[in-house]
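Chemist: Dropping a structure here in structure tokens format, bear with me for questions.
The values are calculated or read from the model by the stated rules, or taken from the named source; none is laboratory data. Keep in mind it's a predicted model, so treat the numbers as computed, not measured. Here the Cβ positions follow ideal geometry from the backbone for every residue, glycine too, while neighbour counts run over all protein chains shown.
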Amino acid sequence: MVSETVVELSRWQFALTALYHFLFVPLTLGLSFMLAIMESVYVMTNKQIYKDMTRFWGKLFGINFALGVTTGLTMEFQFGTNWAYYSHYVGDVFGAPLAIEGLMAFFLESTFIGLFFFGWDRLSRVQHLSVTWLVAIGSNFSALWILIANGWMQNPVGAYFNFETMRMEMDSFTEVIFNPVAQVKFVHTVSAGYVTGAMFVLSISALYLLLNKDVGFARRSFAIASAFGLASIISVIILGDESGYEVGDVQKVKLAAIESEWETHPAPAAFTLIGLPDQENQTTDYAVRIPYLLGLIATRSTDTEVTGIKDLITASEVRIRNGMIAYGLLQKLRNGEDNAENRAAFSAVSDDLGYGLLLKRFTENVVDANEEQIKAAARDTIPQVAPIFWTFRIMVASGFIMLLTFATAFYYTARRREHKTPWLLKLCLFSLPLPWIAIETGWFIAEFGRQPWAIGEILPTYVATSNLTEADLWMSIAGFASLYSLFLVIEVYLMMKYIRKGPSALETGRYDNEQQGGLQHV
Amino acid sequence: MFDYETLRLVWWLLVGVLLIGFAVTDGFDLGAAMLLPLLGKTDTERRVIINTIAPHWDGNQVWFVTAGGALFAAWPLVYATAFSGFYWAMLLVLFALFFRPIGFEYRSKMPSQRWRNNWDRGLCIGSFVPALVFGVAFGNLFLGVPFSFDEFTRPTYSGSFWALLNPFALLCGLTSVVMLISHGATWLQMRAGGEVQMRARTTAALTAPMLSLLLIFAGVWLVTAIPGYEISSAVISDASSNPLSKTVARTDDWFANFATYPQLWLLPAFAVVLPLLTSLLTKLALYGWAFLSSALSITAIILLAGTTLFPFLMPSSLDLASSLTLWDATSSQLTLEIMLWVVIFFVPLILAYTVWSYYKMWGRVEPEAIESNSISFY
């Protein structure tokens, strides 16, 4: 059996590489659409400045895109290298969206990105514009398929367990695609990407305006960013993730953890604005509650209950006991006692097999688990509440500050006063890290909140890893950490260099730094 | 619509198609990047090399990414067992590949020659390592890989990283490197201008016959010294995928398929003769035809490797029954069928717009153009 440390380290490696990858992806999602918008304006108005905008922001896009591609390779390798049992156990379902992502999205995005950068002189204006749109659409398709895959990890629909192959197999592709969790995740995540792209352009344009450099260029960029950003942040907040929390036990647990909701309260439940979650005693200290709000947000009704953590644990315990039976029957079926009676008995409890596998952490044989181990496994079905509780609040706070920033920026832009409003420009500049904070905490809530499951209610993280040694993991983590740190330093350095140059980096002779010798003092 | 056996056969072919797509497209940019220090003496010459592949390397790399995704979707057991078993080999490939996207994109973003030289090293090594490791991995498939499954089909690899680096596998690795270098050279003589083209021509004329020699050498080694594998129980081609439900035995050699279907001998014949033709066409300055010939020789080599192993995908030297074959390592019938339709729809579309993108960017990259219009190029 795999050691606890190997599981822990595999999780750390996956989390670090995924969070790192996700520094670059949202900017690609958002910026690609903004480039398409800018170029559309260029093609419609024939004003050179919009072409220059597309090319300059496109340069920054390219610096970011290269690292997105680089770190995306890791994600594809890592399921196989570090999560081999996972790959076998769910590859029949999970592999399909990843392969479709390659065929439908990556080819489109990657083939046309070359034409975007190098095709300016070889394509007609409409052809080049189409290329830019196809890059944007390709990157968004990729988000769709990866979130269908991820949505299935959260809420595995359209599949059943086949004891002969010892894995999950697909029985409805449409259910996998139209998984409600996947759909809300997709909308939420791509909108967050658009927000990131908009904030990036907004902040840097604000910097140019503060420095009084390339004002015409910066004001046009600022205007597009504020409008696109405002629409996107509203979409993130309104079409937020929360409607997905109604489906499946894992999502219910996540919701309860986000709210640190230990008890099931009569509907509609109060919303815990802030407090100190105490996992040990299963209470939330110093809680400030707003009556009715949680019930309204989570269930969109006044009469549906939000299940508390304690009740969820009790429900899990029942399923763990069923899971032990399922596990025992599975052993019989696999060891030659494959008869109609055992098959019927197994199919009655096979939905709870995953809960049986939770016991693997406590006893190798599962069927011999004692009361104490069953209780421990049931408690294990709840992730650590405090980290989820806090990251959720950080995410939401970042979202609302961004809403404020974009709304103000949009208002002043509409009144044509944004470039004469230094406090607004500073607000925009210093808001730059917010989308990344919101996105990384959002990712953390979704994936840490899924624990102890790799695939919700099906496959515990604990049994999903490869058979590797601790030394393997320490060395590969060291490899990733050092290379990724190096790349980040280089990327940020290049970004800053090109931001300093501004549109003068295009060497057209039309922009300030070429005429006045640069922004080197920034 | 399709029965399980047909789907399994078709998917064996499709994975082959994706691997060939990868080797033919990404192959020439791996090769060109390996040749960077050798053929590009000045910064402009290196930029000529890089800019012949600049608009295409990313699209090309997707053949590799998609082959990986297809492996996951169609042969999950192969994906799980190979990637975790070859852990360090895979990570080595991954770490090497890291240096390509950022190398291409960042290299010419700074004027410093030291900065550029370092990225050139990264691009060269980052392309050499995957070429080598893929060849080594294929070599090890012929030898068998020490892995086994437990009763719940959890794969365990019992070898070490260093055991992969045995003489036969290293010969296969070398063959793979020479194959891609030769392919890269035929690309560069067709698309690069100035001195680079002349040097690429010499390289292509020289490395293509080397590839033939290496293939003959590896073939003789395989025939004389390496025992094969066969399924010793009845082959049930439409049962649920469970590798442990069959038995496997060792045989004298890997040439059972060739005994059954003698027409297969055409594959090794093509694999050896086509590189010679590439060399000849290079000397005749028929660069387009030389590139085509090089692409066809790669196709023949990959088909040769696949059919020799057939029906095995990944034989186990440790526990023979754990060996993975295309009959017992696939996804379910439904998944294979859905994915087949996806492929039927998308691959022609991909080929169409890929051809369009090459058509639009076609033409020799001349050093003068790079020097006079620095900002539009990498």
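Chemist: Going residue by residue through the range A:233-247, is there one that turns out to be in a helix (DSSP H, G or I), at pLDDT 95 or above and under 30 Å from A:SER431 (Cβ atoms)?
Modeler: Within the range A:233-247 (the criterion being in a helix (DSSP H, G or I), at pLDDT 95 or above and under 30 Å from A:SER431 (Cβ atoms)), the answer is yes, since at least one residue qualifies.
Chemist: Now for a different question. Going by what's in this entry, would A:ILE238 be described as on the phi < 0 side of the Ramachandran plot, touching a residue at least 60 places away in the same chain (Cβ under 8 Å) and not aromatic (Phe, Trp, Tyr)?
Modeler: Against the criterion (on the phi < 0 side of the Ramachandran plot, touching a residue at least 60 places away in the same chain (Cβ under 8 Å) and not aromatic (Phe, Trp, Tyr)), A:ILE238 does not qualify.
Chemist: How many residues does the range B:45-81 contain that are among the small types (Gly, Ala, Ser), closer than 27 Å to B:ASN117 by Cα and more than 8 Å from every other protein chain (Cβ to nearest Cβ)? Full working, then the answer.
Modeler: Taking the range B:45-81 as the starting set, the residues that turn out to be among the small types (Gly, Ala, Ser) are B:54, B:59, B:67-70, B:73-74, B:80.
Retained after the next criterion (residues that are closer than 27 Å to B:ASN117 by Cα): B:54, B:59.
When the remaining residues are screened for being more than 8 Å from every other protein chain (Cβ to nearest Cβ), the result is none.
The qualifying residues number 0.
Chemist: What pairs can you find where one residue is in the range A:3-18 and closer than 21 Å to A:TYR484 by Cβ, the other is among the small types (Gly, Ala, Ser), and their Cβ atoms are less than 8 Å apart, with a gap of 6+ or different chains?
Modeler: Close Cβ pairs (under 8 Å, with a partner that is among the small types (Gly, Ala, Ser)) amount to A:SER10/A:SER466; A:GLN13/A:SER476; A:LEU16/A:ALA481.
Chemist: A further question on this structure: Please determine whether any residue of the range B:290-309 is over 23 Å from the mean Cα position of the chain (by Cα), part of a helix (DSSP H, G or I) and hydrophobic (A, V, I, L, M, F, W, C). Explain how you work it out, then say what you get.
Modeler: Going residue by residue through the range B:290-309, those that are over 23 Å from the mean Cα position of the chain (by Cα) are none.
Scanning the range B:290-309, I find no residue that is over 23 Å from the mean Cα position of the chain (by Cα), part of a helix (DSSP H, G or I) and hydrophobic (A, V, I, L, M, F, W, C), so the answer is no.
Chemist: If you check every pair at least six apart or on different chains, which have Cβ atoms under 6 Å apart with a residue in the range B:334-347 that is more than 9 Å from chain A (Cβ to nearest Cβ) first and a residue that is buried (at least 17 other Cβ atoms within 10 Å of the Cβ) and not aliphatic (A, V, I, L, M) second?
Modeler: What qualifies is B:LEU336/B:TRP11.
Chemist: Ok, one more. Can B:ALA23 be described as buried (at least 24 other Cβ atoms within 10 Å of the Cβ), under 12 Å from the mean Cα position of the chain (by Cα) and hydrophobic (A, V, I, L, M, F, W, C)?
Modeler: yes
Residue-by-condition table, conditions (1) away from every other protein chain (no Cβ under 11 Å); (2) assigned to a helix (DSSP H, G or I); (3) closer than 17 Å to B:LEU30 by Cα:
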{"position": "B:TRP88", "(1), (2), (3)": "no, yes, no"}
{"position": "B:PRO101", "(1), (2), (3)": "no, yes, yes"}
{"position": "B:ASN117", "(1), (2), (3)": "yes, yes, no"}
{"position": "B:PHE134", "(1), (2), (3)": "yes, yes, yes"}
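Chemist: Criterion first (touching a residue at least 24 places away in the same chain (Cβ under 8 Å) and aromatic (Phe, Trp, Tyr)) does B:TRP265 satisfy it?
Modeler: It is false that B:TRP265 is touching a residue at least 24 places away in the same chain (Cβ under 8 Å) and aromatic (Phe, Trp, Tyr).
Chemist: Out of curiosity, is B:LEU286 surrounded by fewer than 21 Cβ atoms within 10 Å (Cβ to Cβ), of a type outside the set (Gly, Ala, Ser) and within 24 Å of the chain's Cα centre (by Cα)?
Modeler: So B:LEU286 does not fit the description; no.
Residues checked against (1) surrounded by fewer than 22 Cβ atoms within 10 Å (Cβ to Cβ); (2) within 30 Å of A:THR381 (Cα to Cα):
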residue: A:PHE178; (1), (2): yes, yes
residue: A:PHE186; (1), (2): yes, yes
residue: A:LYS213; (1), (2): yes, no
residue: A:ARG219; (1), (2): yes, no
residue: A:ALA223; (1), (2): yes, no
residue: A:ALA227; (1), (2): yes, no
residue: A:VAL250; (1), (2): no, yes
residue: A:GLU263; (1), (2): yes, yes
residue: A:ASN281; (1), (2): yes, yes
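Chemist: Suppose we filter the range B:195-211 for residues that are crowded, with 21+ Cβ neighbours inside 10 Å and within 19 Å of the chain's Cα centre (by Cα); how many remain?
Modeler: Total meeting the criteria: 4.
Chemist: Now a separate question. Of (1) surrounded by 24 or more Cβ atoms within 10 Å (Cβ to Cβ); (2) farther than 30 Å from A:ASN339 by Cα; (3) free of Cβ contacts under 8 Å to residues at least 60 places away in the same chain, A:TRP152 satisfies all except one. Which?
Modeler: Condition not satisfied by A:TRP152: (3).
Chemist: Hey, B:MET314 hits all of (1) touching a residue at least 24 places away in the same chain (Cβ under 8 Å); (2) over 25 Å from B:ASP150 (Cβ atoms); (3) crowded, with 20+ Cβ neighbours inside 10 Å but one; which does it fall short on?
Modeler: Looking at each condition in turn, B:MET314 falls short on (2).
Chemist: Please specify each residue of the range A:165-188 satisfying the condition of being on the phi < 0 side of the Ramachandran plot and assigned to a loop (DSSP other than H, G, I, E, B).
Modeler: A:THR165, A:ASP171, A:SER172, A:PHE178, A:ASN179
Chemist: Taking helices (runs of 4 or more DSSP H) that do not extend beyond the range A:270-388, which have at least 1 residues that are over 26 Å from the mean Cα position of the chain (by Cα)?
Modeler: Qualifying helices (runs of 4 or more DSSP H): A:309-334, A:340-349, A:353-357, A:371-380.
Chemist: In addition: Looking at this structure, is A:LEU425 in contact (Cβ under 8 Å) with a residue 24 or more places away in the chain, surrounded by 21 or more Cβ atoms within 10 Å (Cβ to Cβ) and touching a strand residue (DSSP E or B) at 6+ places or on another chain (Cβ under 9 Å)?
Modeler: no
Chemist: With respect to B:SER374, is the statement that it is in contact with an Asp or Glu (Cβ under 9 Å, 6 or more places away or on another chain) and surrounded by fewer than 23 Cβ atoms within 10 Å (Cβ to Cβ) true?
Modeler: Here the answer is yes, as B:SER374 does meet what is asked.
Chemist: Another one. Test each condition in (1) in contact (Cβ under 8 Å) with a residue 60 or more places away in the chain; (2) buried (at least 17 other Cβ atoms within 10 Å of the Cβ) for A:SER398 and report the one that comes out false.
Modeler: All conditions are met except number (1).
Chemist: Go through B:SER127, B:SER84, B:SER108 for me and flag whichever is surrounded by 22 or more Cβ atoms within 10 Å (Cβ to Cβ), in a helix (DSSP H, G or I), more than 10 Å from every other protein chain (Cβ to nearest Cβ) and touching a residue at least 40 places away in the same chain (Cβ under 8 Å).
Modeler: Result: B:SER127 is the single residue among B:SER127, B:SER84, B:SER108 that is surrounded by 22 or more Cβ atoms within 10 Å (Cβ to Cβ), in a helix (DSSP H, G or I), more than 10 Å from every other protein chain (Cβ to nearest Cβ) and touching a residue at least 40 places away in the same chain (Cβ under 8 Å).
Chemist: Within the range B:140-150, is there a residue that is assigned to a helix (DSSP H, G or I), more than 8 Å from chain A (Cβ to nearest Cβ) and under 30 Å from B:LEU334 (Cα atoms)?
Modeler: For the range B:140-150, residues assigned to a helix (DSSP H, G or I), more than 8 Å from chain A (Cβ to nearest Cβ) and under 30 Å from B:LEU334 (Cα atoms): present.
Chemist: Sort out which residues of the range A:163-188 are of a type in the set (Val, Ile, Thr) and more than 14 Å from chain B (Cβ to nearest Cβ), and write them in order of number.
Modeler: The answer is A:VAL181, A:VAL184, A:VAL187.
Chemist: When the range A:105-130 is examined, which residues are found to be surrounded by fewer than 23 Cβ atoms within 10 Å (Cβ to Cβ) and either small (Gly, Ala, Ser) or in contact with a Ser or Thr (Cβ under 8 Å, 6 or more places away or on another chain) (or both)?
Modeler: Of everything in the range A:105-130, those that are surrounded by fewer than 23 Cβ atoms within 10 Å (Cβ to Cβ) and either small (Gly, Ala, Ser) or in contact with a Ser or Thr (Cβ under 8 Å, 6 or more places away or on another chain) (or both) turn out to be A:ALA105, A:PHE118, A:GLY119, A:TRP120, A:ASP121, A:SER124, A:LEU129, A:SER130.
Chemist: Can you name every residue in the range B:55-81 that is among the aromatic types (Phe, Trp, Tyr), touching a residue at least 24 places away in the same chain (Cβ under 8 Å) and under 21 Å from B:MET339 (Cα atoms)?
Modeler: Within the range B:55-81, B:TRP63, B:PHE64, B:TRP75 meet the criteria.
Chemist: With more than 21 Å from B:THR330 (Cβ to Cβ), free of Cβ contacts under 8 Å to residues at least 60 places away in the same chain and touching an Asp or Glu at 6+ places or on another chain (Cβ under 8 Å) as the only criterion, which of A:GLY72, A:GLY62, A:GLY58 stands out?
Modeler: Result: A:GLY62 is the single residue among A:GLY72, A:GLY62, A:GLY58 that is more than 21 Å from B:THR330 (Cβ to Cβ), free of Cβ contacts under 8 Å to residues at least 60 places away in the same chain and touching an Asp or Glu at 6+ places or on another chain (Cβ under 8 Å).
Chemist: Can you name the residue in the range A:471-481 that is facing chain B (nearest Cβ under 10 Å) and not acidic (Asp, Glu) and, of all such residues, is surrounded by the fewest Cβ atoms within 10 Å (Cβ to Cβ)?
Modeler: Start the filter on the range A:471-481 by keeping residues that are facing chain B (nearest Cβ under 10 Å), which leaves A:472-473, A:475-476, A:479-480.
Next cut, not acidic (Asp, Glu) only: A:473, A:475-476, A:479-480.
Working: A:LEU473: 23, A:MET475: 14, A:SER476: 24, A:GLY479: 16, A:PHE480: 21.
Of everything passing the filter in the range A:471-481, A:MET475 is surrounded by the fewest Cβ atoms within 10 Å (Cβ to Cβ).
Chemist: Further question: What is the one condition in (1) within 23 Å of the chain's Cα centre (by Cα); (2) farther than 25 Å from B:LEU123 by Cβ; (3) touching a residue at least 60 places away in the same chain (Cβ under 8 Å); (4) surrounded by fewer than 24 Cβ atoms within 10 Å (Cβ to Cβ) that A:ALA84 does not satisfy?
Modeler: All conditions pass for A:ALA84, except number (4).
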